1. Considering only SER311, SER230, SER75, give the residue with the highest GNM mean-square fluctuation for the chain, with springs between Cα atoms whenever their separation is below 10 Å.
2. If you put +1 on each Lys and Arg Cβ and -1 on each Asp and Glu Cβ, how big is the dipole of region 14-59 around its Cα centre, in Debye rounded to 20?
3. Over region 55-199, average the accessible area per residue using a 1.4 Å probe and give it in Å², no decimals.
4. Could you work out what % of the accessible surface of region 10-69 is carbon and sulfur, using a 1.4 angstrom probe and leaving DNA, RNA and ligands out of the count?
5. Charges at C-beta only: +1 for Lys and Arg, -1 for Asp and Glu. How large is the resulting dipole of the chain about its Cα centre, in Debye rounded to 20?
6. Determine the share of region 168-324's accessible area contributed by carbon and sulfur atoms, expressed in whole percent, with a 1.4 angstrom probe.
7. Report the local net charge at GLY199: Lys and Arg +1, Asp and Glu -1, summed over other residues whose C-beta lies under 13 Å from its C-beta.
8. If you project the alpha carbons of the chain onto their three principal axes, what span does each projection cover, largest first, in Å?
Amino acid sequence: MSIMCDWLHKYGNYGKNEDNSITRTGGTPAYYEVVNALRSEMDKLGMQTDVDAVGNLHGYLSGSDKNAKSIAIGSHLDTVICGGVFDGMMGVIGGLEVVRRLRESKTVLRHPIEVFGFDLEESSPLGGTFGSRCMTGTVDTGAPNFEQNIRKFGWTVHGVESAKRDVTKFGCYLEYHIEQGDYLDHHQIDIGAVSGVVGIVRYTVRATGLSNHAGTTMMRNRRDALVAMSKLIVAAEKKARELSDTLVFTVGKISVLPGAENVIPGECEATFEFRHMDKKITDQFFEAIQTIAAGIPECTFSFVNTCAKYSTPCDPKLIQTIVGVLEEMDVTYTTMPSGAGHDANALAHVGIPIGMIFVPSVAGISHHGKEWTDDRHVDMGVEALYRTVLKVDEMNF
């Protein structure tokens with residue numbers, strides 16, 4: 001087993017459950033345990049290390065040109081509840097492997113290398129990509145309930161604000177990640193050069209009807225909010241398939257009121273999420289959903305936007321560089337969008353050029369204990385990352 005794979009399986013298993021899944025949610029003891037372990041590895045590699053007030057791990061390796069901007073590499077160290085070994089962790093270990101190879105070969109790059117292990121990339125009351133958004137200074141510390149929510153982690157507003165770094169010092173950001181979908185695995189493609197991260201739009205949708213007695217209210221007189229919401233969901237799912245092959249639509253949460261088995265639901269609330277690279281498609285889809293809702297007579301619908309992270313393109317020069325590396329390696333590859341959000345989003349939103357490399361998730365499984373990527377693809381991907389770093393070091397930012 002390679003050093004890369006050995007590190008990945010060793011540190012990726014921190015927070016292991018009895019069923020072999022991983023629970024290492026952000027800000028928890030299990031999370032800080034792996035932060036301290038990886039910081040020790042960074043120290044052994046001769047990196048300058050620190051952990052900020054929100055748990056972001058950071059290692060710095062100087063370059064030969066003190067005026068050159070940094071090549072940043074990173075991903076996240078937290079997992080979802082009952083998640084897997086590879087999601088996020090592989091990208092951080094990949095950054096360490098790049099530094100290990102440089103040290104082993106006594107190669108000194110012109111640009112500094114900075115490796116990040118971000119906290120709270122996964123969804124939480126603080127929102128996704130929290131650690132990387134703190135690092136870029138884009139967290140709204142004045143948002144409702146913000147101070148109350150960070151207090152649960154033992155943090156303060158001052159601490160959150162202190163995590164901000166000078167983003168003008170970064171020349172680019174590279175992230176190595178599993179695909180988390182099945183495209184590469186299904187088509188037996190070794191590596192994906194990521195073209196961009198899709199937009200994520202979420203709405204809280206509420207159907208309002210009329211609660212009434214389940215036994216005495218005849219079907220013709222019912223204003224059942226759950227039935228109305230079900231009609232909207234089914235019609236919206238059909239519309240999503242018609243609009244675009246790459247538009248995805250998910251209803252991940254649904255609740256009814258009053259929630260009694262012998263009472264017709266008078267209210268039903270659900271989360272609607274849709275993702276696509278093109279904002280025009282997500283806008284068109286939402287308009288279609290509103291039109292469908294207006295045609296469902298038994299209830300009225302309201303829509304509250306809760307998330308609007310529009311698509312983030314990867315830097316064309318970095319895409320071209322990654323593709324050139326993959327052609328040199330003589331592997332099968334494709335250029336593809338990411339259907340999942342990543343820390344790269346947060347860095348791109350403050351103007352840092354981003355590039356991403358994907359390797360297959362077996363059977364498209366992720367956010368699950370059975371998440372898996374074969375060792376040969378792990379090693380193939382980190383080889384691509386290492387070669388990309390060497391190429392990028394030749395650039396001027």
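The values are calculated or read from the model by the stated rules, or taken from the named source; none is laboratory data. No experiment lies behind these values; they were computed from the predicted model shown. Positions of Cβ are backbone-derived with ideal geometry, glycine not excepted, and every protein chain shown enters the neighbour counts. Surface accessibility is based on the protein's heavy atoms, side chains included, excluding ligands, DNA and RNA. Shrake-Rupley method; radii C 1.70, N 1.55, O 1.52, S 1.80 Å.
1. SER230
2. 40
3. Per residue, region 55-199 has an accessible area of 36 Å².
4. Taking all protein chains in place, region 10-69 shows 42 percent carbon and sulfur surface.
5. Result for the chain is approximately 860 debye, rounded to the nearest 20.
6. Whole-percent figure for carbon plus sulfur exposure: 53.
7. Here the charged neighbours net out to +2.
8. If we take the Cα atoms of the chain, the spans are 81, 45, 41 Å.
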